[in-house]
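Asker: Mind looking over this structure? Questions follow.
Read-outs: derived from the displayed coordinates by stated rules, not from any lab. This structure is a prediction, so every number in the text was calculated from the model and none was measured. Because the Cβ atoms are built from the backbone with ideal geometry, glycine has one as well, and the counts that use them run over all protein chains shown.
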């Protein structure tokens, strides 16, 4: 994924959310953290789709992780409506990204330039930057 200069990058997994900005170029990204809000996942609407008791027991579906993804999408929606960024890319683990997509506001969709279903939460900045170049 080539992230343009001054574009924002949201990194989401089932527990963490970080908003970064690329101070570098698309070929040599230099990420800087802009925000790391503590989200309170209260939207358990995914539970309607994930009522399989076996899947819950085997860890295939974690409603807390999905609620966190919904909260991240809601935070990004508010930021897009407040014109906090002009261009945004999202990197999230596949489950989180799938849940987030269900909650995108039109304003967020208008600034969204890329999505990547990849788990990078907990990685160092330099490792995330190198993964951006390989995506």
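Asker: Rounded to a whole number of µm²/s, how large is the Stokes-Einstein D of the range 67-118 at 25 °C and 0.890 mPa s, given Rh as the Kirkwood radius over C-alpha pairs? Mind dumping the intermediate values first?
Answerer: Details: Rh = 10.7 Å.
Here the translational diffusion coefficient equals 228 µm²/s.
Asker: For the chain, take the alpha-carbon Rg, divide it by the Kirkwood Rh, and send me Rg/Rh. Display every interim value, and only then the final one.
Answerer: On the way: Rg = 14.8 Å, Rh = 15.1 Å.
Here the Rg-to-Rh quotient is 0.98.
Asker: Note down the nm distance, to one decimal, between modelled labels 7 Å out along Cα→Cβ at residue 109 and at residue 25.
Answerer: The modelled label-to-label distance comes out at 3.5 nm.
Asker: Choose one answer from 123, 65, 99: the residue with the largest mean-square fluctuation in a GNM of the chain with alpha-carbon springs under 10 Å.
Answerer: The residue with the greatest mean-square fluctuation here is 123.
Asker: What FRET efficiency comes out for the pair residue 102/residue 36, r = Cβ-Cβ distance, R0 = 22 Å, nearest 0.05?
Answerer: Working: r = 23 Å, r/R0 = 1.06.
E(calc), rounded to 0.05, equals 0.40.
Asker: If you stretched the chain out fully between residue 2 and residue 16, how much longer would it get, using 0.36 nm times the residue separation minus the C-alpha to C-alpha distance? Let's see the in-between values first.
Answerer: Working: separation 14, 0.36 × 14 = 5.04 nm, distance 2.28 nm.
Gain in length upon complete extension: 2.8 nm.
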